[in-house]
Amino acid sequence: MRKVTTLGLLGTGVIGGGWAARALHFGVNVIAADVKPEMEAWMRGAVENAEPALARLTSAPLPPKGALSFTTDLKYMAERADFIQENVPEQLPLKRRVLAEVSRYAAADVVIASSTSGLTPTDLQRDMVGPERFLVAHPFNPVYLLPLVELVGGKKTESATLEAAAKFFTYIGMHPLNVRGEVPGHLTDRLQEALWREILHLVNDGVATTGELDESIVYGPGLRWAAMGTNLIYHLAGGESGMRHMLAQFGPCLKWPWTKLEAPELTETLIDRMVEGTEAQAAGRSIRELERLRDDSLVAVQQVLRQTNMGAGATLRSLEERLYKDAAAAATAMVVEPGKPLRLLETSVRSDWIDYNRHMTDFRYGQVFGDAMDALYRRVGVDENYRATGRMYYSVESHTRHIGEAKVGERIHVTTQLLAVDDKRLHVFHRLHRGRDDALIATSEQLHLHVDTVRGKASAVDRGVRGKLEAIRQDQLSLTRPPESGRAIGQARQTDATFQV
Ligand SMILES: NC(=O)c1ccc[n+]([C@@H]2O[C@H](COP(=O)([O-])OP(=O)(O)OC[C@H]3O[C@@H](n4cnc5c(N)ncnc54)[C@H](O)[C@@H]3O)[C@@H](O)[C@H]2O)c1
């Protein structure tokens with residue numbers, strides 16, 4: 001299957017718009033197709049609305065944003081996309097028809113996926129050309145923030161299709177979950193519906209309001225579910241003997257039974273209770289307002305879970321590892337021009353990096369120079385494997401000078417000059433430039449110390465790493481030492497007398 005640089009979308013409503021926002025954010029171009037021309041403005045608005053939360057999800061260096069285009073011509077999209085995701089309304093005849101049509105125009109190595117919530121892939125792939133490259137890839141709303149995507153193959157789907165899809169979805173920060181068999185509703189919607197059915201019964205029977213039932217989840221199980229699913233949580237609930245004890249203790253309740261299998265009739269009274277209940281919960285807040293609250297909370301939860309490496313936090317962590325690696329690889333792939341500083345980092349100023357003066361806020365400079373240092377480390381072999389051996393560089397001193405302004409959305413890059421290297425110390429001088437005119441925005445002079453992280457003491461760097469650092473320094477010998485280097489704050493220039501190799 002081919003490398004995905006352009007994602008084709010068919011249907012650009014709630015789900016299509018969410019796919020667009022996620023793909024664009026992680027550097028994939030999007031060609032979006034919808035029968036209704038007015039969906040272009042709607043989708044561009046949805047992408048814009050998603051951006052503030054997405055921008056806060058991770059501060060790892062991102063590739064340049066993808067480019068978005070819109071068409072009402074399905075064929076135009078299908079001929080240009082490297083991967084196609086269908087998101088038209090949930091109707092089998094309609095989906096079958098558009099999937100068959102798309103499959104006639106898409107090249108044979110283009111994977112075609114459907115976002116269907118409950119239809120099965122064997123039903124959907126029936127009339128397609130090349131049905132072996134089709135699968136169901138079921139996402140969750142908001143697609144740009146929730147990493148889960150259920151992957152289901154049909155009778156004619158090849159395993160290579162599922163593998164290629166999983167690779168692409170991982171690339172855009174998702175957690176692909178392979179569903180072993182074709183069952184209506186896949187896995188997650190079956191679980192969600194079971195809960196929803198009980199909600200409808202309890203509201204119908206006048207036992208609880210929609211608000212009370214939401215409280216019963218939000219203040220309790222919902223908090224646990226973000227980190228562990230029902231099964232592992234119940235294993236803990238059984239005490240030292242785990243799930244076995246849990247089943248012995250609560251198993252009999254399953255026979256009583258507490259819950260019902262049939263959904264209640266959706267009478268006008270029940271519909272009114274559900275609508276009035278949720279309107280009372282919204283308390284006058286618009287859908288957009290509530291979406292922002294939901295999105296801010298989803299970002300915050302994932303960032304916390306990253307610390308414990310649980311659930312969606314683990315996905316975020318491995319995404320960030322890859323983004324840092326990609327940024328370092330991009331830096332390594334850049335042609336090193338002897339006699340010039342290394343160009344180590346390319347990124348853009350995110351919307352949440354801006355302060356009330358409307359330019360990049362102070363602490364983000366530390367982050368950008370830190371990311372450049374990370375790219376340098378990886379280039380010379382100081383990566384997670386090296387860290388695992390109990391060795392790393394720690395920064396011990398830095399001096400940042402702010403010279404120009406970087407505004408939201410602007411491309412920026414960092415170049416780095418090695419001033420000195422010895423067995424324990426690494427002395428560098430970074431310059432942060434604005435992409436559009438190369439203007440100097442800031443400089444940062446830093447001293448890093450190589451440490452034995454177990455003993456917490458300075459230690460000699462690996463000889464191979466030192467050799468690579470020396471080689472860079474040799475390449476840069478013809479560079480003049482930056483006149484600002486060694487300068488103390490607010491004082492006249494002075495030379496660094498303590499450390500010159
Ligand atoms: N909304 C959710 O929470 C959710 C979650 C996961 C999956 N899904 C699935 O995603 C799919 C889309 O759902 P949605 O909520 O985005 O629906 P939606 O109604 O918001 O969007 C559907 C879009 O498809 C377009 N469309 C209709 N016919 C078309 C055609 N022939 N060619 C091109 N475009 C066409 C419509 O103009 C509309 O813009 C469904 O299969 C649904 O089951 C929805």
>> Just to verify a result, which residue in the stretch 263-298, among those that are among the β-branched types (V, I, T) and modelled with pLDDT of 95 or more, is nearest to the chain's Cα centre (by Cα)?
In response: T278
>> Take the residues in the stretch 374-408 that are exposed (fewer than 15 other Cβ atoms within 10 Å of the Cβ), farther than 20 Å from V349 by Cβ and touching a Ser or Thr at 6+ places or on another chain (Cβ under 8 Å); name whichever of them is modelled with the lowest pLDDT.
In response: R387
>> Looking at the structure I just gave you, is R104 more than 9 Å from the ligand (Cβ to nearest atom) and either out of contact with any helix residue (DSSP H, G or I) (no Cβ under 9 Å at 6 or more places or on another chain) or not hydrophobic (A, V, I, L, M, F, W, C) (or both)?
In response: yes
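Which residue, of R411, R436, R473, R425, is among the basic types (K, R), out of contact with any helix residue (DSSP H, G or I) (no Cβ under 9 Å at 6 or more places or on another chain), surrounded by 13 or more Cβ atoms within 10 Å (Cβ to Cβ) and under 30 Å from V349 (Cβ atoms)?
Matching residue, one of R411, R436, R473, R425: R411.
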> So which residues in the stretch 148-167 are of a type in the set (A, V, I, L, M, F, W, C) and open to solvent by less than 10 Å² (accessible area, probe 1.4 Å), if there are any at all?
Replying inline: V149, L151, V152, A165
>> Could you check the stretch 301-353 and list, in sequence order, the residues that are in a loop (DSSP other than H, G, I, E, B) and surrounded by fewer than 19 Cβ atoms within 10 Å (Cβ to Cβ)?
In response: N309, M310, M334, V335, V336, E337, P338, G339, K340
> Taking the stretch 96-108 on its own, how many of its residues are touching a residue at least 40 places away in the same chain (Cβ under 8 Å) and open to solvent by 60 Å² or more (accessible area, probe 1.4 Å)?
Replying inline: 0
>> Please count how many residues of the stretch 279-300 are over 13 Å from T58 (Cα atoms), open to solvent by less than 70 Å² (accessible area, probe 1.4 Å) and in a helix (DSSP H, G or I).
In response: 6
> P93 passes all but one of (1) in a helix (DSSP H, G or I); (2) within 14 Å of the ligand (Cβ to nearest atom); (3) in contact (Cβ under 8 Å) with a residue 12 or more places away in the chain; which number fails?
Replying inline: (3)
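So, A60, is that one more than 10 Å from the ligand (Cβ to nearest atom), open to solvent by less than 20 Å² (accessible area, probe 1.4 Å) and closer than 30 Å to L290 by Cβ or not?
Against the criterion (more than 10 Å from the ligand (Cβ to nearest atom), open to solvent by less than 20 Å² (accessible area, probe 1.4 Å) and closer than 30 Å to L290 by Cβ), A60 qualifies.
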> Name the residues in the stretch 76-90 that are among the aliphatic types (A, V, I, L, M) and near the ligand (Cβ under 7 Å from one of its atoms), would you?
Replying inline: V88
>> Being within 16 Å of the ligand (Cβ to nearest atom), open to solvent by 20 Å² or more (accessible area, probe 1.4 Å) and in contact (Cβ under 8 Å) with a residue 12 or more places away in the chain is the filter here; which residues of the stretch 1-44 pass it?
In response: G13, V14, I15, D34, V35, K36, P37, M39, E40, W42, R44
> In the set G229, G222, which member is out of contact with any strand residue (DSSP E or B) (no Cβ under 8 Å at 6 or more places or on another chain), at pLDDT 95 or above, open to solvent by less than 50 Å² (accessible area, probe 1.4 Å) and closer than 25 Å to V143 by Cβ?
Replying inline: G222
> How many of the residues in the stretch 116-147 are within 10 Å of the ligand (Cβ to nearest atom), surrounded by fewer than 24 Cβ atoms within 10 Å (Cβ to Cβ) and of a type in the set (G, A, S)?
Replying inline: 2
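Conditions tested, residue by residue: (1) among the basic types (K, R); (2) out of contact with any His (no Cβ under 8 Å at 6 or more places or on another chain).
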{"residue": "D82", "(1), (2)": "no, yes"}
{"residue": "L94", "(1), (2)": "no, yes"}
{"residue": "R97", "(1), (2)": "yes, yes"}
{"residue": "A100", "(1), (2)": "no, yes"}
{"residue": "Y105", "(1), (2)": "no, yes"}
{"residue": "S115", "(1), (2)": "no, no"}
{"residue": "G118", "(1), (2)": "no, no"}
{"residue": "L124", "(1), (2)": "no, yes"}
> Can you name every residue in the stretch 212-235 that is among the small types (G, A, S) and under 16 Å from M246 (Cα atoms)?
Replying inline: G229
> Regarding A108, is this residue more than 17 Å from I31 (Cβ to Cβ), among the hydrophobic types (A, V, I, L, M, F, W, C) and part of a helix (DSSP H, G or I)?
Replying inline: no
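The values are calculated or read from the model by the stated rules, or taken from the named source; none is laboratory data. Values in this document were obtained by computation on a predicted structure and should not be read as measured data. Positions of Cβ are generated from backbone atoms using ideal geometry, with glycine treated the same way; all protein chains shown enter the neighbour counts. We work out accessible area using only protein heavy atoms, side chains counted, and drop any ligands, DNA or RNA first. Shrake-Rupley method; radii C 1.70, N 1.55, O 1.52, S 1.80 Å.
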